[in-house]
Amino acid sequence: MQSPIIETKELTREYRIGRDLVVALGGVDISINQGEFVAVVGPSGCGKSTLLNLLGGLDQPTKGNVLLDGQDLAQLSEEQLASLRRQKMGFIFQRHDLFPELTACENIEFPLLLGGKPPVERKKRADDLLGQIGLAEKADHLPDELSGGQQQRVGIARALANNPQILLADEPTGNLDSATSAEIISILIQLTRNQGLTLIMVTHDPEVAEQADRKLTLRDGHLVSKERFEIEGML
């Protein structure tokens, strides 16, 4: 039986706002295997981004656990967490947050620089990824010389630079038109499938969710479904 690459146990995140206790996520149990594409769906404010941040070690749970390859993220120091994220995780957000003063190639190289990779290796990896996302001819372009869709493709390539096992994507096409969104999602799914990566994506788009292996439906901070579900009327 395959062991899950990432799982949660009674995962809970609470926030204190004045005198009120807000439960952003309440006792969520999930198990995700290597190579799965899992879509996280549900109404706005239901805890989707909170879940993604906890899975990526960007936030700490109030209660419960996040286990990556059986290792509890809560037991790691900030330095160890940062190292783990660089080695095993890639992040894609609605805003690509490319460095404006760096070229497309240099933006992709940046995680490799943090990981101590030599210049020749960094350049080769960045060039290879630029080719995979169809932007080889844009290697020396700055972000403001690229379209929104091209910038997001560079963001995807940067997330893949360190050969992560897990890719966490939070509404990666939320700021793009429908045609460009479909193109970006197609590239993202193809790249992750080809490399056997685990893709966990928060999305409001039912067409994107239908392409996933599995859907996790959240409502009011609770997991209400782990299987296929009726999207219409919920989003």
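The values are calculated or read from the model by the stated rules, or taken from the named source; none is laboratory data. Source: prediction; values computed, not measured. All Cβ positions, glycine included, derive from the backbone under ideal geometry; neighbour counts span all protein chains shown.
Consider Leu146 against the criteria (1) without any contact (Cβ under 8 Å) to a residue 24 or more places away in the chain; (2) at negative phi: it satisfies all of them except one. Which criterion is unmet?
Going through the list (1) without any contact (Cβ under 8 Å) to a residue 24 or more places away in the chain; (2) at negative phi, Leu146 breaks only (1).
Looking at (1) more than 24 Å from Asn194 (Cβ to Cβ); (2) more than 19 Å from the chain's Cα centre (by Cα); (3) buried (at least 17 other Cβ atoms within 10 Å of the Cβ), find the lone condition where Cys105 falls short.
Result: Cys105 fails condition (1) only.
Among the numbered criteria (1) in contact with a Pro (Cβ under 8 Å, 6 or more places away or on another chain); (2) more than 25 Å from Ile187 (Cβ to Cβ); (3) assigned to a strand (DSSP E or B), which single criterion is violated by Val66?
With (1) in contact with a Pro (Cβ under 8 Å, 6 or more places away or on another chain); (2) more than 25 Å from Ile187 (Cβ to Cβ); (3) assigned to a strand (DSSP E or B) applied to Val66, the lone miss is (1).
Among the numbered criteria (1) of a type in the set (Val, Ile, Thr); (2) touching a Ser or Thr at 6+ places or on another chain (Cβ under 9 Å); (3) assigned to a helix (DSSP H, G or I), which single criterion is violated by Ile108?
Of the numbered conditions (1) of a type in the set (Val, Ile, Thr); (2) touching a Ser or Thr at 6+ places or on another chain (Cβ under 9 Å); (3) assigned to a helix (DSSP H, G or I), the odd one out for Ile108 is (2).
Mind counting the residues in region 5-22 that are in a strand (DSSP E or B) and either modelled with pLDDT of 95 or more or touching a Ser or Thr at 6+ places or on another chain (Cβ under 7 Å) (or both)?
Number satisfying all stated conditions: 9.
Residues to consider are Gly26, Gly35, Gly47, Gly18; find the one that is of a type in the set (Gly, Ala, Ser), in contact (Cβ under 8 Å) with a residue 40 or more places away in the chain and more than 20 Å from Phe91 (Cα to Cα).
On inspection, the qualifying residue turns out to be Gly26.
What's the number of the condition Asp128 fails, among (1) within 23 Å of Ile185 (Cβ to Cβ); (2) of a type in the set (D, E, K, R); (3) touching a Ser or Thr at 6+ places or on another chain (Cβ under 8 Å)?
The failed condition is (3).
Taking the residues in region 69-93 that are in a loop (DSSP other than H, G, I, E, B) and in contact with a helix residue (DSSP H, G or I) (Cβ under 9 Å, 6 or more places away or on another chain) as candidates, determine which candidate is farthest from Asn163 (Cα to Cα).
This residue is Leu76.
Take Arg122 and decide whether it is within 16 Å of Ile185 (Cα to Cα) and in a helix (DSSP H, G or I).
So Arg122 does not fit the description; no.
For the condition modelled with pLDDT of 95 or more and more than 20 Å from Thr198 (Cα to Cα), what is the one hit in Gly26, Gly42, Gly64?
Criteria check complete, one pass: Gly64.
Given the conditions (1) surrounded by 15 or more Cβ atoms within 10 Å (Cβ to Cβ); (2) over 18 Å from the mean Cα position of the chain (by Cα), and given that Asn53 satisfies all but one, which numbered condition is not satisfied?
All conditions pass for Asn53, except number (2).
Within region 90-97, is there a residue that is farther than 24 Å from Arg153 by Cβ, acidic (Asp, Glu), at pLDDT below 95 and under 21 Å from the mean Cα position of the chain (by Cα)?
No - not one qualifying residue is present in region 90-97.
Answer yes or no: is there a residue in region 170-186 that is touching a residue at least 12 places away in the same chain (Cβ under 8 Å), within 23 Å of Gly57 (Cα to Cα), among the hydrophobic types (A, V, I, L, M, F, W, C) and not in a loop (DSSP other than H, G, I, E, B).
no
Residues in region 30-41: is at least one more than 14 Å from Ile200 (Cα to Cα) and of a type in the set (Gly, Ala, Ser)?
no
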